[in-house]
Amino acid sequence: GRQGRQRAKYMRDIRREEEREQRRQEIGELEADPDLAAISIQKTFRGYLARKKTKMMREDELIFLGMTAPPRDSETDPVIKMDKNKVRRKHEQEEHQKEYEQAMQNIRQKMYELEGPDIRDAMQDKIRQWFIQRREADGKFPEYPAVEDDKFSSKQILHPPPPPT
């Protein structure tokens with residue numbers, strides 16, 4: 001079935017091409033006449049306009065009969081408004097995210113400048129206190145641990161483990 005239809009279409013195309021070729025030979029090659037070219041262009045354009053007008057009339061008729069929905073108006077259509085609002089909100093979200101990140105960076109900088117020295121002093125006091133407690137407990141200052149020593153860190157000085165009970 002399908003191959004037969006394809007073959008018939010192929011043969012029909014060949015026949016049409018042969019007929020065109022015969023007409024060209026009978027008429028002879030048309031000379032490049034500007035009037036004939038203008039007429040051909042006008043004919044093509046008028047056909048295009050007629051098809052466009054017919055399509056519009058068909059669409060209007062279908063809308064009138066209620067068989068299709070009318071075209072959406074970009075000003076009043078809720079779906080189009082929703083899409084526009086979504087794009088606007090996403091843009092606002094991006095702006096607010098940038099503002100938030102900038103504010104966080106500013107806060108960090110202010111914290112570093114204002115409270116950084118206080119935090120550093122508090123840490124130094126805790127470390128001094130630890131050294132003094134060690135001296136009182138052992139009678140001498142403890143040795144500084146080696147950098148490679150994994151079991152000792154400043155965390156143990158600042159937050160010492162509870163004494164064994």
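The values are calculated or read from the model by the stated rules, or taken from the named source; none is laboratory data. The model shown is predicted, which means the values in this text are computed figures rather than measured ones. Virtual Cβ from ideal backbone geometry, glycine too; neighbours counted across all protein chains shown. The area values use the complete protein model at the heavy-atom level, side chains included, leaving out ligands, DNA and RNA. Shrake-Rupley method; radii C 1.70, N 1.55, O 1.52, S 1.80 Å.
Search the stretch 36-57 for residues that are farther than 30 Å from P70 by Cα and pair each with any residue that is surrounded by 10 or more Cβ atoms within 10 Å (Cβ to Cβ) when their beta-carbon atoms are under 7 Å apart and the residues are at least 6 apart or on different chains.
L36/L30
For the stretch 90-103, does any single residue satisfy the condition of being at pLDDT below 95 and surrounded by 10 or more Cβ atoms within 10 Å (Cβ to Cβ)?
no
Answer with yes or no whether I41 is of a type in the set (V, I, T) and open to solvent by 100 Å² or more (accessible area, probe 1.4 Å).
yes
Quickly run through the stretch 13-37 and pick out the residues that are open to solvent by less than 100 Å² (accessible area, probe 1.4 Å) and either at pLDDT 90 or above or outside any helix (DSSP H, G or I) (or both).
D13, I14, E17, E19, G28, D33
Cβ-Cβ under 6 Å, sequence separation 6+ or interchain: first residue in the stretch 112-126 and in contact (Cβ under 8 Å) with a residue 24 or more places away in the chain, partner in a helix (DSSP H, G or I) and surrounded by 10 or more Cβ atoms within 10 Å (Cβ to Cβ). Which pairs?
If the second residue must be in a helix (DSSP H, G or I) and surrounded by 10 or more Cβ atoms within 10 Å (Cβ to Cβ), the pairs left are K126/L158.
Can you tell me which residues in the stretch 56-86 are of a type in the set (G, A, S) and either open to solvent by 70 Å² or more (accessible area, probe 1.4 Å) or at pLDDT 90 or above (or both)?
A69
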